[in-house]
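Asker: Okay, here's the structure, questions in a sec.
The values are calculated or read from the model by the stated rules, or taken from the named source; none is laboratory data. Source: prediction; values computed, not measured. Note: ideal-geometry Cβ built from the backbone for every residue, glycine included; neighbour counts use all protein chains shown.
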């Protein structure tokens, strides 16, 4: 992975201590870890209204504590549907004979059809993110010709690998996500705007 990608992962809160230039992309990605989920810049403040209602007394008394608790809540290892992306690192090898996944796409899609969209010598994949939205799976071909900055593709469990979209290079893809600071700023702007509007939450 190139230096920009490694720096971005670190900025997003990922641990990159085991990333090495002599490893291929899949090996490096599997050496990355996150202790929390990620939110993209188009995130729609899922759950913030309810969170405010539950802790509005604290918001009134101590906004600093309110926002600190909110950040800890959203950036924790939970599966509440808040529009987040889950970091993943599992390999999927549906076309590799004798592999655990071999044949999983039988009757759904042929390897040559996938090769018309995905770049790589062998159609082996590593899922890098999962989300509750559409599409819900984001993956990289492990044999992508650019191991420093591979292409990200997406598909959805409803049309698994039958419909594939090119999401662009990984370096650009990662810039979709907010740092904790950017996330907090978006929540502050939202709450301040809403609380200053007459009629919001019965105000």
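Asker: Look through region 131-143, keep the residues that are touching a residue at least 40 places away in the same chain (Cβ under 8 Å) and surrounded by fewer than 18 Cβ atoms within 10 Å (Cβ to Cβ), and return whichever of them is nearest to residue 86 (Cα to Cα).
Answerer: 132
Asker: Any residue that is without any contact (Cβ under 8 Å) to a residue 60 or more places away in the chain, under 17 Å from residue 90 (Cα atoms) and in contact with a helix residue (DSSP H, G or I) (Cβ under 6 Å, 6 or more places away or on another chain) - is there at least one of those in region 144-163?
Answerer: Checking region 144-163: at least one residue is without any contact (Cβ under 8 Å) to a residue 60 or more places away in the chain, under 17 Å from residue 90 (Cα atoms) and in contact with a helix residue (DSSP H, G or I) (Cβ under 6 Å, 6 or more places away or on another chain).
Asker: Take residues that are touching a residue at least 12 places away in the same chain (Cβ under 8 Å) and surrounded by fewer than 17 Cβ atoms within 10 Å (Cβ to Cβ) and tell me which of the helices (runs of 4 or more DSSP H) falling wholly in region 18-100 contain 2 or more. If you could, list the steps in order and put the result at the bottom.
Answerer: On the way: elements: 25-30, 48-61, 63-74.
Once the helices (runs of 4 or more DSSP H) in region 18-100 are filtered for at least 2 residues that are touching a residue at least 12 places away in the same chain (Cβ under 8 Å) and surrounded by fewer than 17 Cβ atoms within 10 Å (Cβ to Cβ), what remains is 48-61, 63-74.
Asker: OK, next. For region 105-121, which positions are touching a residue at least 12 places away in the same chain (Cβ under 8 Å), outside any loop (DSSP other than H, G, I, E, B) and either touching a helix residue (DSSP H, G or I) at 6+ places or on another chain (Cβ under 8 Å) or farther than 17 Å from residue 156 by Cα (or both)?
Answerer: So in region 105-121, the residues touching a residue at least 12 places away in the same chain (Cβ under 8 Å) come out as 105, 108-109, 111, 114, 117-121.
Imposing the further condition that a residue be outside any loop (DSSP other than H, G, I, E, B) reduces the set to 111, 114.
Across region 105-121, the qualifying residue is only 111.
Asker: Say whether the condition of being modelled with pLDDT under 95, outside any helix (DSSP H, G or I), farther than 19 Å from residue 126 by Cα and under 17 Å from the mean Cα position of the chain (by Cα) is met by at least one residue in region 5-17.
Answerer: Within region 5-17 (the criterion being modelled with pLDDT under 95, outside any helix (DSSP H, G or I), farther than 19 Å from residue 126 by Cα and under 17 Å from the mean Cα position of the chain (by Cα)), the answer is no, since none of the residues qualifies.
Asker: Yes or no: region 171-192 includes at least one residue that is surrounded by 14 or more Cβ atoms within 10 Å (Cβ to Cβ), in contact (Cβ under 8 Å) with a residue 60 or more places away in the chain and touching a strand residue (DSSP E or B) at 6+ places or on another chain (Cβ under 6 Å).
Answerer: Looking through region 171-192, at least one residue is surrounded by 14 or more Cβ atoms within 10 Å (Cβ to Cβ), in contact (Cβ under 8 Å) with a residue 60 or more places away in the chain and touching a strand residue (DSSP E or B) at 6+ places or on another chain (Cβ under 6 Å).
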